[in-house]
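The values are calculated or read from the model by the stated rules, or taken from the named source; none is laboratory data. Computed from a prediction, not measured in an experiment: that's the story for all the values here. Note that each Cβ is placed from the backbone with ideal geometry, even for glycine, and that neighbours are counted across all protein chains shown.
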DNA sequence: ATTATTGCAAAGCTTTTGCAATAGG
DNA sequence: CCTATTGCAAAAGCTTTGCAATAAT
């Protein structure tokens, strides 16, 4: 499962060791790439196949993965960080657009990238070398909008 | 100092009380509107003029302010949330573009808003009602780029 | 063989909460 | 007067750290 070769290479570049724990975290992240897993969630998934792993190792591994550019750390204001694996094949993909529903908390991914023009302006005007960007839109998702209408616009908390 | 009338009105709308503590937090946020203060920092500022205030009150006040749309909660991945007061006069301003330097951690505000076209697409295509958005660009700021060049591209950690 | 990495438990943070005292409308 | 709000201290997360044991090159 997953291209462990890529992981080995990435680790090797900086003389980090390829351990089983790192392999397993990498595999879970690859397998669940759509899910924005938190350290805790990753831990729960892994305990099934690797019961002796420690939560601290997950944290350390994620930190390392972020450092070597293997994952992207996301914050959806829900009390923990979440991690998204970066595609091994596409070095250009650094966009993260997320729609966060204020009602149900659902997170929707956006594929479009219309940020390029903004990036150009920023790079020029602020002389800021953009490495990555994250865009969070908060609002009400289509599902919750429908519910609202069915309830005759009744307010929820 | 600050337009406390606006605060009173905002609180009144939802039958919240205008306490001294809330007034003071509002004033600090207004005064330091460029600084993205954390609860702890706000607490430190306030202790000078209001020594008996409790940190928990700051937290509760900020939560309340966010709920009534008086502040915007920001996360710069530095271990705490930070708050930005929303301009009383401009209900249209909901854009928050920040440039975060990966080297020195400096946060630069961007005024431009080229997000409107992206927003339109998202609203249509995902039927998602956008209430707010936050854009974080991470990269290297002009100052650090200069330093890098002076050091002949030596890598820093 | 050496040194990085791990697991565990403890500690460190920021943030939240329970409760009696206080103060605002 | 009545109830929301506060301060304090304790608790509750999430995350990090120290250290001896273990595993990778």
Enumeration of residues in region B:1-34 that are touching a helix residue (DSSP H, G or I) at 6+ places or on another chain (Cβ under 8 Å), under 22 Å from residue B:110 (Cβ atoms) and not in a helix (DSSP H, G or I): B:32
Single unsatisfied condition, residue A:15 versus (1) modelled with pLDDT of 95 or more; (2) surrounded by fewer than 18 Cβ atoms within 10 Å (Cβ to Cβ): (1)
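Which ones in region A:1-24 are in contact (Cβ under 8 Å) with a residue 40 or more places away in the chain and more than 20 Å from the chain's Cα centre (by Cα)?
A:13, A:14, A:16 - these are the residues of region A:1-24 that are in contact (Cβ under 8 Å) with a residue 40 or more places away in the chain and more than 20 Å from the chain's Cα centre (by Cα).
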Considering residues of region A:27-49 that are at pLDDT 95 or above and within 13 Å of DNA strand D (Cβ to nearest atom) only, the residue farthest from residue A:134 (Cα to Cα): A:44
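Being part of a helix (DSSP H, G or I), touching a strand residue (DSSP E or B) at 6+ places or on another chain (Cβ under 8 Å) and within 12 Å of DNA strand C (Cβ to nearest atom) is the filter here, so list the residues in region A:66-75 that pass it.
Hits for region A:66-75: nothing passes.
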All positions within region A:60-86 that are on the phi > 0 side of the Ramachandran plot and more than 10 Å from DNA strand D (Cβ to nearest atom): A:69, A:77
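Looking only at region B:76-102, filter to residues that are outside any loop (DSSP other than H, G, I, E, B) and modelled with pLDDT of 90 or more; which one of those is nearest to DNA strand C (Cβ to nearest atom)?
Once the filter is applied, the top-ranked residue is B:81.
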Subset tally (residues that are away from DNA strand C (no atom under 12 Å from the Cβ) and buried (at least 16 other Cβ atoms within 10 Å of the Cβ)) for region A:43-65: 1
For residue B:117: the one exception among (1) part of a helix (DSSP H, G or I); (2) at the interface with another protein chain (Cβ under 7 Å from one of its Cβ atoms); (3) modelled with pLDDT of 80 or more: (3)
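Kindly indicate which of B:155, B:111 is at pLDDT below 85 and either under 19 Å from residue B:33 (Cα atoms) or within 9 Å of chain A (Cβ to nearest Cβ) (or both).
Checking each option against the conditions leaves just B:111.
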